[in-house]
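Trainee: Below is the structure I would like to discuss, written out as structure tokens.
Nothing in this text is a laboratory measurement; each read-out follows from the coordinates by a stated rule. Just so it is clear, the model here is predicted, and its values are computed rather than measured. Positions of Cβ are backbone-derived with ideal geometry, glycine not excepted, and every protein chain shown enters the neighbour counts.
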Amino acid sequence: MSSITTPRCTHTSASVASSHHATKVGFKRQDAKQRFAAARPLNPSKSAESESMPIDDPWTFPAPLLLPGDDLSEDPGYPPQSFQEWLDEEDRNSVSSKRQTIYVITAPEIEEEVHFMRAWEKGLDEEHQVTKPSPQAIVDYLKAFYHGLPVKTLSRLAPAFTAWDEEPKPNRKSRQPQYVALKFGNECVRIRTRPSPDGIFGGQLNLDDLLDTAIAMLPNDAYALLLLVNQDLYEDEDDEFVCGRAYGASRVAVVSSSRYNPALDQHQSVERLHAWPASHCKEYISTFCTTSRSNAKRQKTPSVQKANKPNDSRSSSSSPLMAAISIYRGLETIDLPPSALSTLWLGRVCRTAAHELGHCFGIDHCVFYACSMQGTGSIHEDARQPPFLCPVDLAKLTYATGATAAQRYKALLDFCDRPQYKKCLFFVPFAEWIRAMSGATPQ
């Protein structure tokens, strides 16, 4: 069975500053003093635990990359959300003893009436047959990410895709029904479909319809609900595809695993060589900005460190970012076996699932740092974003869950260090970042 071939990155310099493209588009990052204040409430007693966290070490929490086409490049004036603004938000859902459980609904079954949907899940991945991410592993990751709150699989509804009884004649061009139905319990909801515009998948489901269905599924004791699907998604006719979305105020999110399959990386031109943490490679950033603009001029990027030399008081070996980059570069990235592709697929889905659920906690897109809560302008940017929360959003989450940052990092490290992930391009660097950041002893 053949595998996707990826060369190694041989560049030795990394950058923790936004690219020079950020200046061109007018992005003005808040300064260190403002970022420090943003991570703390006006009343310090509200979040005393955050005082012990590193706040503005760029080699732990770098600036957002802001490469051409990235979400912040398209909207550089996106307003920041401080801890205090999050705390004061009237529409924010508060965790209570009666409503604290995060529920996950795993991919619905496909009934025989809509058997053609099974082919939609495969897309162009017929050669590699990579194993889909384990639903239980996704739940376990979310238990660690949202440590302090119960995360459970909601299986009693037994959702399944079936035929929509009022289906008109199939569209002559697509030769597929315009609707399918998602049934759960005693209910059945119509879901719009369409052919995939780029041809990678046979069909797509409408995201808004699935989000509305998720609201109807929400149990009384749920703080939030995540619906996972294996099919490709679209939101409106102008979309080529979307990977997920949350209705934060309604406490629901939907995430599709389809586009994150690494076997599709070449078809989608997804950069794996410089995925996080190697996305901070200086040469990659410079080349990306230059080739993305025909009139670009090379400029020296500030805050650059050689991978094999110390920088100021922190050595490359003790820097969380450089530790993550170093171990990433040491992992085998050539001729990846299906098992390694499968765990990478899992990591990508976990990051997006955690991001979308973050919106259910009222956490807005981050503009302070490179952060798991950054907005994403494309699936290419998705691969460049980190799995960790920045100090500002970490303060919000620990306040909501009641867990300390140290407890949360330990839970995440325990997950990432599982034997089955020891060669994973996602979990291994994340574990190394946590160890270097928290001073944990390697297992």
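Trainee: Stretched out fully, how many nm does the piece from R156 to Q178 gain, at 0.36 nm a residue minus the Cα gap?
Mentor: Numbers: separation 22, 0.36 × 22 = 7.92 nm, distance 2.84 nm.
Value of the extension gain: 5.1 nm.
Trainee: Quick check for me: using +1 on Lys/Arg Cβ and -1 on Asp/Glu Cβ, what's the dipole size of the chain about its Cα centre, in debye to the nearest 20? Walk me through the numbers before you get to the answer.
Mentor: Values: 48 positive and 53 negative charges, 314 e Å.
Here the size comes out at about 1500 debye.
Trainee: Would you calculate the separation in nanometres between label points at E74 and E240, each defined as 7 Å from the Cα along the Cα-to-beta-carbon direction?
Mentor: With each label point 7 Å from Cα toward Cβ, the separation is 1.1 nm.
Trainee: Here's something else I'd like to know. Using alpha carbons only, how many degrees (0 to 90, rounded to 10) separate the axis of helix 338-360 from the longest principal axis of the chain?
Mentor: 90
Trainee: I've got another one for you. Restricting attention to the chain, give the cysteines that have no other cysteine Cβ less than 4.7 angstrom from their Cβ.
Mentor: C9, C188, C243, C281, C289, C350, C360, C416, C424
Trainee: Run the quick spin-label model on D56 and F36: label points 7 Å from Cα toward the beta carbon, then report their separation in nm to one decimal.
Mentor: For the pair D56/F36, the computed spacing is 0.5 nm.
Trainee: Using amide H atoms built in the peptide plane, which far-off residues or other-chain residues are under 5 Å from L205 H to H?
Mentor: Answer set, sorted by chain and number: D232, L233, Y234.
Trainee: Right, next: If one takes the longest principal axis of the Cα atoms in the chain, at what angle in degrees, from 0 to 90 and to the nearest 10, does the Cα axis of helix 427-438 lie?
Mentor: So the inclination is approximately 40 degrees.
Trainee: Could you pull out which residues in the stretch 205-241 have an amide N less than 14 Å from a spot 7 Å beyond the Cα of Q136, following the Cα-Cβ vector?
Mentor: Correct set: none at all.
Trainee: Now for a different question. Could you work out how much longer the chain between N220 and R92 gets when fully extended? Use 0.36 nm per residue separation minus the Cα distance between them, nm to one decimal.
Mentor: Numbers: separation 128, 0.36 × 128 = 46.08 nm, distance 1.74 nm.
Roughly 44.3 nm would be gained on extension.
Trainee: Which of W164, W276, W433 moves the most in a Gaussian network model of the chain with Cα springs under 10 Å?
Mentor: Top of the fluctuation ranking is W164.
Trainee: Long-range amide H contacts for Y223: which residues qualify at under 5 Å (H placed 1.01 Å from N, peptide plane, sequence gap of 5 or more or a different chain)?
Mentor: Q100, T101, I102, Y103
Trainee: What residues of the stretch 177-217 lie in the reach of a label at R118, counting those whose backbone N is under 20 Å from a point 7 Å from the Cα along Cα→Cβ?
Mentor: Backbone N within reach: 177, 180-183, 201-205.
Trainee: Please give, to one decimal in nm, the separation of the simple spin-label points placed at T404 and T287, each 7 Å out from Cα toward the Cβ.
Mentor: It works out to 4.4 nm between the two label points.
Trainee: Another one. Longer than 31 Å from Cα to Cα, which of K28/K132; K152/K423; K152/K422; K24/K122 are they? Say none if no pair is. All intermediate terms of the calculation are to be shown ahead of the outcome.
Mentor: Details: K28/K132 40 Å; K152/K423 27 Å; K152/K422 26 Å; K24/K122 41 Å.
Pairs exceeding the cut-off: K28/K132; K24/K122.
Trainee: Let me ask another. Quick one: grab Rg to one decimal and Dmax as a whole number for the stretch 337-421, Cα atoms only, in Å.
Mentor: Expressed in Å, the Cα Rg and Dmax of the stretch 337-421 come to 13.6, 41.
Trainee: Still on this structure, I have one more. K396: which aspartates and glutamates have alpha carbons under 17 Å from its alpha carbon, excluding same-chain residues fewer than 8 sequence positions away?
Mentor: In chain and number order, the partners are E49, E51, D56, E85, D88, E89, E90, D91, E356, D364.
Trainee: Give the angle, between 0 and 90 degrees and rounded to the nearest 10, that separates the Cα long axis of helix 405-416 from the longest principal axis of the Cα atoms of the chain.
Mentor: That helix lies at roughly 60 degrees to the long axis.
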